Amino acid sequence: MNIYLNNKFVAERNAVVSVFDHGFLYGDGVFETLRAYHGRIFRLDEHLKRLKESARGLEISLPQTLPVLRRHLEETLLVNHLKNALLRICISRGYGPIGLDPALCRKPTFVIIPRVFKGYNPRQYHHGLKVSIVSVRRTPPPALDPQIKSANFLNNILAKIQAKRNHADEGLMLGVNGYLTEGSISNFFIVSRGQLYTPGVDQGILMGITRRFVIDLARQADIPVKETRLLPSDLYKADECFLTNTSMEIMPITKAEGFTIGDGKPGPVTRLLREAYQEQVRLECRI
Ligand code: PMP
């Protein structure tokens, strides 16, 4: 695979950054994950906008303008002959002597890592995943703005470790106030009596691009949506539950801890939204 590194494409084995890169030393950087369908990047503008906002939140100046960045993403697909792919953009503070002061780094390091996307196992969509509510809490907004998609993902990694230990596919984190927030790499929704519920942005979650899209799809389908506060008991009692993110789209959840959600199968609202999602992808990506 050819990796875009700073201003050129390099072979994977040559795609290396310095041990003095502040991304490595301090997790001082931001990232985005995008998905391409048939050579077209889905919701590209939204991802670029979020990347810009994340970088602004850390006072990292983007090394390129958004139209140039967009071109490099598209080139990355072409150079690697990729149609269905995940693209990870990483921007770090850059190379500089040890020390926290951002002024030590002259320019950001900019990387695009492409991956072939083979899709999740269809069995997972068919049977649904298991989630676990982990003890590690979502970093509260006063500590770090959740809209900054920073390279420092430590509490999410701890959530993942715990979820695996609990034999779950994803770990849901509570906020410091005890309400549910989001998964380690996903937002989540529940369905109860025909209504869709998801933690509000004021609960300290990342405003997922997929989350927003799913809320819009639900409203178009006349399914009421409430962005609110949810407790673990709301999840256990729900008729349906699903996760959202760019790569898995809408993934049903059928087990949470020892509880079976609904009748243990992906429910009708989840299936309807998943179909609407895929229809919109086909339209936007001209498949
Ligand atoms: N929350 C977290 C913590 C994430 O890492 C992600 C993945 N980017 C999401 C939610 C979902 O965001 P999106 O729908 O934009 O992929």
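The values are calculated or read from the model by the stated rules, or taken from the named source; none is laboratory data. This structure is a prediction, so every number in the text was calculated from the model and none was measured. Quick reminder, even Gly has a Cβ in these numbers, built from the backbone with ideal geometry, and neighbours come from all protein chains shown. In case anyone asks, the SASA skips ligands and DNA or RNA and just uses the protein heavy atoms, side chains included. Shrake-Rupley method; radii C 1.70, N 1.55, O 1.52, S 1.80 Å.
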Please verify whether region 209-227 includes one or more residues that are farther than 22 Å from Arg35 by Cα and either in contact (Cβ under 8 Å) with a residue 60 or more places away in the chain or in contact with a His (Cβ under 6 Å, 6 or more places away or on another chain) (or both).
no
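Yes/no per residue for (1) of a type in the set (Val, Ile, Thr); (2) without any contact (Cβ under 8 Å) to a residue 24 or more places away in the chain; (3) in the same structural domain as Val136 (by TED's automatic domain parsing); (4) more than 24 Å from His47 (Cβ to Cβ):
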residue: Ala151; (1), (2), (3), (4): no, no, yes, no
residue: Asn155; (1), (2), (3), (4): no, yes, yes, no
residue: Glu182; (1), (2), (3), (4): no, no, yes, no
residue: Tyr197; (1), (2), (3), (4): no, no, yes, yes
residue: Gln203; (1), (2), (3), (4): no, no, yes, no
Identify the single condition in (1) out of contact with any strand residue (DSSP E or B) (no Cβ under 6 Å at 6 or more places or on another chain); (2) in contact (Cβ under 8 Å) with a residue 40 or more places away in the chain that Ile41 does not satisfy, given that it satisfies every other one.
(1)
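Residue-by-condition table, conditions (1) modelled with pLDDT under 95; (2) in contact with a Pro (Cβ under 6 Å, 6 or more places away or on another chain); (3) in a helix (DSSP H, G or I):
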| position | (1), (2), (3) |
| --- | --- |
| Val30 | no, no, no |
| Leu34 | no, no, no |
| Ser54 | no, no, yes |
| Glu59 | no, no, no |
| Gln64 | yes, no, no |
| Glu75 | no, no, yes |
| Leu78 | no, no, yes |
| Lys83 | no, no, no |
| Leu86 | no, no, no |
Taking region 115-143, which residues are within 14 Å of Glu182 (Cβ to Cβ) and of a type outside the set (Ser, Thr, Tyr)?
Val131, Ile133, Val134, Val136, Arg137, Arg138, Pro140, Pro141
What residue, among those in region 112-132 that are in contact with a Leu (Cβ under 6 Å, 6 or more places away or on another chain) and surrounded by fewer than 20 Cβ atoms within 10 Å (Cβ to Cβ), is farthest from Phe9 (Cα to Cα)?
Phe117
Cβ-Cβ under 7 Å pairs, at least 6 apart or on other chains, region 1-25 side among the hydroxyl-bearing types (Ser, Thr, Tyr), far side open to solvent by less than 30 Å² (accessible area, probe 1.4 Å) and in a helix (DSSP H, G or I)
Tyr4/His72; Tyr4/Thr76
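Would you mind stating whether Leu25 is assigned by TED's automatic domain parsing to the domain that holds Leu86, among the aliphatic types (A, V, I, L, M) and closer than 19 Å to Gln147 by Cβ?
no
Filter region 88-109 for residues that are assigned to a strand (DSSP E or B) and in contact with a Gly (Cβ under 9 Å, 6 or more places away or on another chain); which is most open to solvent (accessible area, probe 1.4 Å)?
Cys90
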Out of the residues in region 13-53 meeting the condition of being of a type in the set (Asp, Glu) and crowded, with 20+ Cβ neighbours inside 10 Å, tell me which one is nearest to the ligand (Cβ to nearest atom).
Glu32
So, in region 185-195, of the ones that are surrounded by fewer than 24 Cβ atoms within 10 Å (Cβ to Cβ) and assigned to a strand (DSSP E or B), which residue ends up nearest to the ligand (Cβ to nearest atom)?
Asn187
